[in-house]
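Data first, discussion second: the structure below is written as structure tokens.
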Amino acid sequence: MDAIQQHMLDTYRAAQLSEPAPPPPGRHDRAVLRDLYRHWLTHPPTRGPRDHSSASAPPSPSGA
């Protein structure tokens, strides 16, 4: 079932129960992407020092 079919089903159920219809799918996508972009601008991803200690450790014997 895709988003449109689910929305149609939810709208039908809301009408049967005399409840308000749900918002259409994708209605808030632009606002969410804008907020994520603003968060990324104010909190850029950082890379910390990498820990290579596990890469240099000898493999453990099997069964131990």
Item to check | Residue ID - modelled with the lowest pLDDT, chosen from residues in segment 40-64 that are open to solvent by 100 Å² or more (accessible area, probe 1.4 Å) and hydroxyl-bearing (Ser, Thr, Tyr) | outcome: Ser62
Checklist entry - Within the set of pairs 6 or more residues apart or between chains, which connect a residue that is open to solvent by 90 Å² or more (accessible area, probe 1.4 Å) inside segment 16-39 to a residue that is not hydrophobic (A, V, I, L, M, F, W, C) with Cβ atoms less than 9 Å apart? => result Glu19/Arg13
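The values are calculated or read from the model by the stated rules, or taken from the named source; none is laboratory data. Nothing here was measured: the structure is a model prediction, and the numbers come from that model. Ideal geometry is used to build each Cβ from the backbone, glycine not excepted, and the neighbour counts take in all protein chains shown. These area figures cover heavy atoms from the full protein model, side chains too; ligands, DNA and RNA do not enter into them. Shrake-Rupley method; radii C 1.70, N 1.55, O 1.52, S 1.80 Å.
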